[in-house]
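I have placed the structure first, in the form of structure tokens, so that the comments after it can refer back to it.
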Ligand SMILES: NC(=O)c1ccc[n+]([C@@H]2O[C@H](COP(=O)([O-])OP(=O)(O)OC[C@H]3O[C@@H](n4cnc5c(N)ncnc54)[C@H](O)[C@@H]3O)[C@@H](O)[C@H]2O)c1
């Protein structure tokens, strides 16, 4: 039997595919390469097996997903495939809704048609909107501050409703902010176009691909005025998916639809990260504090207690390890996979 990883050529999906392979699972990747590349698949194969099955297809296409489930005898799915840029979602809300909700609907329809019942879904702490209390628990109020967050809420609602009618056991993993790379330096984050997230942008400044980092907002009500997030190492996050699938496969594990935070429980400000990265890189990262960015919030970090309790998982890697590993990848691949 095998696990299908949709969006497995992307940043978190490729790292998770390696962690699943290392944990002894047969992995099948499906991706339309809309935000990744064949070179990312090659890198993934170099760390797993040269013949790791890869299907280039749209996750919203029920027939393609269904064929993949049948051809590879899939009995569990990790569904990453989605668009993820907050600013992209503000300029194209309809496209984001169509792709993100459409992929989730397509995957669920194919799973139902083929009797596959265990699903781990990539959700996000963005479903908590601007929290009125930190750390956030899974019971904290839900509400999006941007169309991307709204797509995650819509997918969570769809999956909860599907689980209610039976036949589907789902873990909604609400990720905080993944950073870092595989320790080999051979697998990393290579977004198409200009990065939307802090660390990939910062690393591109450090290798000269971008001129200077814009720190969005210096007037938040935080100790240094910049926004605070809960950064976690992408390999910790990848291992969280292995733990989630193990929990679903366990006869005493969670059934129905359950949301779980995957974060460290510690918040760092944007300026903390810039200072730590400058130390790791060995030179100051040129940056400038500018106005706030639409869709951003002031502060958020996780209460990770449920993940520890339900999945037996906790993040173990430090902010410095995240930045050291991300920097190793960026130095080895200054222009990304294809260069
Ligand atoms: N990176 C983050 O900070 C973060 C935080 C919380 C949640 N998430 C979620 O985690 C998941 C993975 O994020 P990522 O950072 O790896 O992004 P990514 O863009 O690197 O990976 C997503 C992958 O999905 C693929 N894809 C998109 N639409 C598709 C479609 N219709 N059919 C098939 N493949 C499709 C892309 O080509 C890409 O390879 C996404 O669902 C994202 O919303 C990411």
Cross-chain or 6+ apart pairs with Cβ under 9 Å, region 13-39 first and at positive phi, then surrounded by 16 or more Cβ atoms within 10 Å (Cβ to Cβ) and modelled with pLDDT of 95 or more: 33/9; 33/40; 33/41
Strands (runs of 3 or more DSSP E) enclosed by region 215-290 - at least 3 residues per element that are in contact (Cβ under 8 Å) with a residue 12 or more places away in the chain and surrounded by fewer than 19 Cβ atoms within 10 Å (Cβ to Cβ): 287-290
Spans of helices (runs of 4 or more DSSP H) in region 1-94 with at least 1 residues under 25 Å from residue 179 (Cα atoms), at pLDDT below 95 and within 13 Å of the ligand (Cβ to nearest atom): 86-91
For residue 121: the one exception among (1) within 16 Å of residue 173 (Cα to Cα); (2) buried (at least 24 other Cβ atoms within 10 Å of the Cβ); (3) more than 9 Å from the ligand (Cβ to nearest atom): (3)
Index of the failed condition, residue 295 passing every other in (1) surrounded by fewer than 14 Cβ atoms within 10 Å (Cβ to Cβ); (2) over 16 Å from residue 187 (Cβ atoms); (3) at pLDDT below 95: (1)
Filter result for the condition that a residue is surrounded by fewer than 24 Cβ atoms within 10 Å (Cβ to Cβ) and within 16 Å of the ligand (Cβ to nearest atom), over 147, 141, 135: 147
Some residue of region 99-109 being at pLDDT 95 or above and over 21 Å from the mean Cα position of the chain (by Cα): yes
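The values are calculated or read from the model by the stated rules, or taken from the named source; none is laboratory data. Small disclaimer: the values here were computed from a predicted structure and weren't measured. Ideal geometry is used to build each Cβ from the backbone, glycine not excepted, and the neighbour counts take in all protein chains shown.
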